[in-house]
Amino acid sequence: MNDEKIKAIPYAKEELHQMKIGWIGLGNMGIPMAGNLLSAGYDVTVWNRTPDKAEPLLARGAGIADKPYHLLEQCDVVFTMVSDDTAVKAIYMEADGLLSGNARDRILVDMSTVSPETSRFLAERCRQAGHRFLDAPVSGSVGPAREGKLIIMAGGEQESFDRVRPLFDKLGKLALHLGPNGSGSSAKLAINLLLGITVQGVAETVLFAREMGIPTEQMLTIISESAVGTPLIKGKAASILADEFPAAFALKHMAKDLRLARQAGASSPLAESVYASYQSALREGLGDLDLMAILRYLNGAKVEA
Ligand code: NA7
C-alpha cells in the first residue's frame, strides 16, 4: 500500500471541510446521517440503488454519482449504510461496485449492521485494493440519527479511526474504537441482542398487565418511572397506545441482527427466545413495521394459543 498517499488525505482541522465525502445507502438511517454531514458543511456525494431517494439531499447541495466506483474515485472517505450483508457485499464487490475501479488509498467505512465475518472479509478486500476499512455500525434509530446522537462502534486501524473521527462526531454523541476489523460489528450484535430482549420484555409486560386489567397507559407510566425505565420505552409508548408501528427501526432489521448474533454464537436462553419470536413475526409479514410491533405478534400468538 502507498502510505505516502494515505498520509496525503487531508485531516488537519482547518482542512476537514475540504475532504470529499461519499455516502451510499439512503434509507431511513442514511438520509438523516448524510444530511448531518451536509449540514456540517462537508462536500457530500451520494449513490443509492433507487436514485429518486437522493432528491431531498440533492436539493440541499449534495452531488450524485452514477456508479459506486465513480463515487470512490471522487471522494476521500466513503460511507455505506445499507440493509444487510448481501447489500453491502454487492456494493463493494459487484461489477460497478466500490472496489471495481482504479481509486486507491481511500478510507471506506461500513456503518450497516452486518456479521463480523463480512466486516473482516470487506476489510481484507479493501486492503488488497489499497484502501483502509472501518466497520462502524451504530446504536440508535432514526431520531438519534437525525439529531446526530448515535453511538458509533468501530473496528479497524486506530489511524483510520482517528482520521474519520471528526465525521463520526457529526453523526453521533459517542464514537468508540473497539479493536481490529470485526470488533465494531461484534459490539453492535451484542447491544442489539439487549435491544431485542428489552423490546420483547416490554411487550410481554404490557400484555401480561392488560390481561390482569391494568390499563396500558398506566402500565407504561409505571415502567417508565421505574428502575428499568429507559428513553427507549418512553419513545415507544405512543406507538404502543395507538397500536401503530411506523418503522423507526424496522422489525426485519432486528430479526436479521438476532440471526447474525445467533450465527456468531449467541445461544443463551433469552437469545434463543427472541430469535424465534422475531423470525416468526417476520414470517407473519410484520417486517416493515417498527420492532415494537413484536407486541402485535405476541398478542396474536397469545390469542391463538
Ligand atoms: P432501510 O431504510 O431499509 O434502507 C436500506 C438501504 O439499503 C436503502 O438505501 C436500500 O436501497 C439499500 N439496499 C438494500 N439492498 C440493497 C442492495 N442489494 N444493493 C444496494 N443497496 C441496497 O434501512 P435503514 O436505513 O433503516 O438501516 C440501515 C442499516 O442500519 C441496517 O443495517 C440496519 O440494520 C441498521 P433502496 O433505497 O431500497 O434502493
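General observations
- Restricting the search to strands (runs of 3 or more DSSP E) fully inside region 25-137 and requiring at least 3 residues that are of a type in the set (A, V, I, L, M) and open to solvent by less than 10 Å² (accessible area, probe 1.4 Å) gives 107-110.
- None of Ala276, Ala261, Ala203, Ala281 is within 16 Å of the ligand (Cβ to nearest atom) and closer than 19 Å to Ile191 by Cα except Ala261.
- Of all residues in region 185-218, those satisfying the criterion of being closer than 21 Å to Leu289 by Cβ, without any contact (Cβ under 8 Å) to a residue 24 or more places away in the chain and not small (Gly, Ala, Ser) are Leu194, Thr205, Arg210.
- Residue satisfying condition, being without any contact (Cβ under 8 Å) to a residue 12 or more places away in the chain and not aliphatic (A, V, I, L, M), within set Arg259, Arg283, Arg296: Arg283
- Gly143 vs. criteria outside the structural domain of Tyr275 (by TED's automatic domain parsing), in contact (Cβ under 8 Å) with a residue 24 or more places away in the chain and assigned to a loop (DSSP other than H, G, I, E, B): no
- Filtered residue count, region 212-255, keeping only those that are away from the ligand (no atom under 16 Å from the Cβ), open to solvent by 60 Å² or more (accessible area, probe 1.4 Å) and assigned to a loop (DSSP other than H, G, I, E, B): 7
- Screening Leu72 against (1) under 20 Å from Ala264 (Cα atoms); (2) in contact with a strand residue (DSSP E or B) (Cβ under 6 Å, 6 or more places away or on another chain) leaves a single unmet condition, (1).
- Candidate set: region 183-211, residues that are touching a strand residue (DSSP E or B) at 6+ places or on another chain (Cβ under 8 Å) and over 21 Å from Tyr275 (Cβ atoms); chosen: the one least open to solvent (accessible area, probe 1.4 Å): Gly184
- Condition met for Leu26 (touching a Ser or Thr at 6+ places or on another chain (Cβ under 9 Å), more than 19 Å from Ser185 (Cα to Cα), touching a residue at least 24 places away in the same chain (Cβ under 8 Å) and within 14 Å of the ligand (Cβ to nearest atom)): yes
- For Ala264, the test of being in contact (Cβ under 8 Å) with a residue 12 or more places away in the chain and either open to solvent by less than 60 Å² (accessible area, probe 1.4 Å) or of a type in the set (Phe, Trp, Tyr) (or both) is failed.
The values are calculated or read from the model by the stated rules, or taken from the named source; none is laboratory data. This one's a predicted model, so the numbers in the text were calculated from it and none came from an experiment. We place every Cβ from the backbone using ideal geometry, glycine too, and count neighbours over all the protein chains shown. The area values use the complete protein model at the heavy-atom level, side chains included, leaving out ligands, DNA and RNA. Shrake-Rupley method; radii C 1.70, N 1.55, O 1.52, S 1.80 Å.
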